[in-house]
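See structure below.
The values are calculated or read from the model by the stated rules, or taken from the named source; none is laboratory data. Worth saying up front: this structure is predicted, and the values here are computed from it rather than measured. All Cβ positions, glycine included, derive from the backbone under ideal geometry; neighbour counts span all protein chains shown.
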């Protein structure tokens, strides 16, 4: 009986190890692929392509990016009231020099006054040759959970008003959950940048669409976010060129 028990224990242990290995392999396979509903928009329907980057993307060769049929790039500038992306200046200047249209974005913190976030963002982008409206990234990921939708919306409104008061147009970015919670009812008057791996629903009025987190672009060593514009090239030039409020 003792031998049988020991054998069964060893067998069960071996099975457990095998299951763990299979699950680990499956995790890495799944995590290295796009969402099963991922959809790459047609160039015929959506001819404009862009990327968004931060210091996490490392050193980027924007000349190669431009040569890979990329039209624009949004560069992370700030987060919250104090954080400044360490590669913002280099990324903006290199992208601009390569002939790309450039914009800047800010990751919105739920636990920080909107006015202070607006100050941080404006102080960081002041003096840079931006071609596109300022973007605010609003999402639950990496944010504290205890804040109400009303409280978050009030601080976001405060930040938007501060940016507008200095003449800047704003576009708001979120995924489908963030859109439903924060933007659909309260900020529908502003341009929307929607993140979804399937085509946006017909009832969503979007301007930019982030359709992949795992794009491959020349000049960037790792995967990168891919985006497109909801319109023609002339419409893009008219929209992107109006970075200031009238």
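Quick look at the values:
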quantity	calculated
Which listed residue is in contact with a helix residue (DSSP H, G or I) (Cβ under 9 Å, 6 or more places away or on another chain) and modelled with pLDDT of 95 or more, from 99, 67	99
Residue in the range 17-33 that is modelled with pLDDT of 50 or more and over 16 Å from residue 94 (Cα atoms) present	no
Single condition residue 110 does not satisfy, out of (1) more than 18 Å from residue 154 (Cα to Cα); (2) buried (at least 19 other Cβ atoms within 10 Å of the Cβ)	(1)
Residue identified as crowded, with 22+ Cβ neighbours inside 10 Å and outside any helix (DSSP H, G or I) among 105, 128	105
Test: residue in the range 66-78 that is under 30 Å from residue 149 (Cβ atoms), assigned to a loop (DSSP other than H, G, I, E, B) and under 17 Å from the mean Cα position of the chain (by Cα)	no
Single residue of 156, 134, 93, 122 found to be closer than 19 Å to residue 239 by Cα and at pLDDT 95 or above	134
All positions within the range 213-235 that are over 18 Å from residue 191 (Cβ atoms), at pLDDT 95 or above and in contact with a helix residue (DSSP H, G or I) (Cβ under 7 Å, 6 or more places away or on another chain)	217, 218, 219, 220, 224
